[in-house]
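Trainee: Attaching a single structure in structure tokens format; questions to follow.
All of the numbers you see were taken from the coordinates with simple rules; none came from a lab. What you see is a predicted model, and the numbers here were worked out from it, not measured in a lab. Every residue, glycine among them, receives a Cβ derived from its backbone with ideal geometry; neighbour counts consider all protein chains shown.
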Amino acid sequence: MTGPQDYVSHAHAHYRANRDAASAVLEARGIPFLTAQGAFYLWADVSHVSGGDVRSWVRRFLADSGVSFAPGTAFGSIGEGWIRIALCGSQAELVEGLGRLPARLG
């Protein structure tokens, strides 16, 4: 608590930039999401493609696209249709992976 705090500022800026970049991609694809407000992840609604079984959809999506998300149901049944997206990696990889999500039409 009393040592150097440089990394805290660096991490804060990194997560905020990744949150903003992820939000922009999801908005552009029409995918509803809950913005991170103190954590390093956000939630996105993929119910338009998950068919009522987000856990199976996440597995298929990983096999087909090489992109992994945590299924919302890993955090309880209320998470059905949602995925949790970690914001801690590189921004380029985050944006590329989110760009592979199927857009929500309408």
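Trainee: Between Ala28 and Arg55, what FRET efficiency comes out of the Förster formula 1/(1 + (r/R0)^6) with R0 = 35 Å and r the beta carbon distance, rounded to 0.05?
Mentor: Details: r = 26 Å, r/R0 = 0.75.
It comes to 0.85.
Trainee: What's the extension gain from Glu80 to Val95 if we count 0.36 nm per residue and subtract their Cα-Cα distance?
Mentor: Result: 3.1 nm gained on full extension.
Trainee: Still on this structure, please answer the following. Once both labels are modelled 7 Å past Cα along the beta-carbon direction, what's the Val8-Ala39 spacing in nm?
Mentor: Reported label-point gap for Val8 and Ala39 is 2.2 nm.
Trainee: Using only the alpha-carbon atoms, how far is helix 6-28 inclined from the longest principal axis of the chain? Give it as 0 to 90 degrees, nearest 10.
Mentor: Between the helix axis and the principal axis of the chain, the angle is about 30 degrees.
Trainee: Helix 54-65 versus the longest principal axis of the chain: what angle, 0 to 90°, nearest 10, using Cα atoms?
Mentor: Around 80 degrees separate the two axes.
Trainee: Next up: At 0.36 nm per residue, and after removing the present C-alpha to C-alpha distance, how many nm does the segment from Ala103 to Ala21 gain when stretched out fully? Walk me through the numbers on the way to the answer.
Mentor: Values: separation 82, 0.36 × 82 = 29.52 nm, distance 1.63 nm.
Once the chain is fully extended between Ala103 and Ala21, it gains 27.9 nm.
Trainee: Candidates [x] 18.5, 67; [y] 14.7, 52; [z] 22.9, 58; which is the computed Rg and Dmax of the Cα atoms in Å?
Mentor: [y]
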